[in-house]
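A short write-up of the structure that comes next.
Any read-out appearing in this document is the output of simple, stated calculations on the displayed coordinates, not a laboratory observation. Since the model is a prediction, treat every value here as computed from it, not as a measurement. Here Cβ is always computed from backbone atoms with ideal geometry, including for glycine, and neighbour counts include all displayed protein chains.
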Amino acid sequence: MAWHLCGLRAVLFLVASSLLGAHGVQLRSGGSIFLLTAFSHDDTDQWVLMPHFFRHYMEHLLLDPEKFLLILHSDARNVSGLTSMRRRLTSTYGPVKTFFVTEPYSSRLHWKVKVELLQENVRSEDWIIQVDADEFLAFPGGRPAHEVLDGLDAVGINVHYGIMIDRIADDADLDTKPLAAPNIFVQFPRNCALTLMIQDSDVRKVSAYRGYLRTTSGNHNVIGLNRSSNPRSQARALDALRSFLTGVGQQKLFDSIPGAASGRLSVIRHSEDLASVYHFKWVRGLADKLHRRASTEVYSRFQYFRIREFLGLGTALNPHAVKAFCIEDRTSDSGRRALSPQELVRLFVDTSGVPDRFAKRKMMESLERAIAHEQWDA
């Protein structure tokens, strides 16, 4: 039923947006906006997120599903399941582009696949919105993507950064199953800083970037130069990139990074405004996913061990953790707009209730600089 209802909404959206001229419209530069993401067939508990995902990006950001580049992944090598998933996606949302990956998950593998897909499908004048399947992007003011990116093109900006905001259920139960209705932001009304404070992971995300750029694994940084770079820093950046890729036998991949083969990486000119990347990771199915990742990405074992400190014997965060790391958000435009600088300061910088060992000073300083619209070095 969830798929059927969302399919009806998708059809109504396509008809309405075609009449309004928003759907499929090119940017003023002549470029298009591509959405790049990956869905796991094996995370069955999170399938219900998918209709919410498409609804968010089609209805709020006004993206064209024909420009969606979707990696469909199965650690279990379930090709028939991936085929069924592709059939359902295309029948519901139209001719989205899908690509199967059946090797065990690793961030390096998926980065390689994404670089190759972009090389095959994207032009330099295009923009790429790159998110994970549990990330719902919102721009400042709740503006649609084409309006934001047209504005950046007009002033020579080629990157828009965002900050990850974790969303959890009202009762802080991390085993809550998302439902087909109501709106996903109503079901998970708390903004939290769990990824930063507990998981000790980078919450900076490259929300959107021009087609002649590429991001690093994890989509936290852009491969390029800052505005103060000189020829020596260009050479160092290229040497580091070449050493990393050729060291794992990926000379071809190095050559596919725009500007790498020619020795001329692009200068990164980022927007001062910050998007919000609302993160619906903390839902049912997380435990199974972390179990799988423990065997494919060993480094994450200790990283996620810290979460247990705040769960006790159950699956809900204890009251102290909720008070220290979360803020309730029941505003009418929740999820449609990015958090304001003041809201970001309240969530990430005001650490008065956070245990000292979880107050990440270096990251806090980086976030505070970004919130204050200072240079954000990638």
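Annotations
- Restricting region 104-177 to trypsin sites (Lys or Arg not before Pro) in coil, as DSSP defines it, with at most 15 other Cβ within 10 Å: ARG123
- In order along region 274-284, the phi-based Karplus estimate (6.51 cos²θ - 1.76 cosθ + 1.60, θ = phi - 60°) of 3J(HN,Hα) comes to 10, 7, 10, 10, 6, 10, 9, 7, 7, 9, 4 Hz; Gly and Pro are listed as x.
- Förster radius 45 Å - calculated FRET efficiency between THR44 and ASP350, Cβ distance, rounded to 0.05: 0.75
- Toward the positive end of the charge dipole of region 100-257, with +1 on the Cβ of Lys and Arg and -1 on the Cβ of Asp and Glu, the farthest Cα among PRO144, PRO231, ASN121 is that of PRO231.
- Pairs from the list LYS177/LYS323; LYS67/LYS112; LYS67/LYS177; LYS112/LYS177; LYS252/LYS281 with a Cα-Cα gap above 25 Å: LYS67/LYS177; LYS112/LYS177; LYS252/LYS281.
- Calculated on alpha-carbon atoms, Rg and Dmax of region 35-171 in Å: 15.6, 47
- The relative contact order of region 76-231 comes to 26 percent, based on Cα pairs under 8 Å that sit 6 or more residues apart.
- Extension gain (nm, one decimal) between ALA240 and ARG88, 0.36 nm per residue minus Cα-Cα: 50.5 nm
- Taking region 28-79 and dividing mean pair separation by its residue count, relative contact order in percent (alpha carbons under 8 Å, at least six apart): 58 percent
- Trypsin sites (Lys or Arg not before Pro) lying in DSSP loop within region 169-278, provided at most 13 other Cβ fall within 10 Å: ARG227, ARG264
- Dipole magnitude for region 94-245: computed about the Cα centre from +1 point charges on Lys and Arg Cβ and -1 point charges on Asp and Glu Cβ, it is near 700 debye.
- Rounded, prolate or oblate (a/c below 1.5 giving rounded, otherwise prolate when a/b exceeds b/c) for region 56-115 by Cα gyration tensor: oblate
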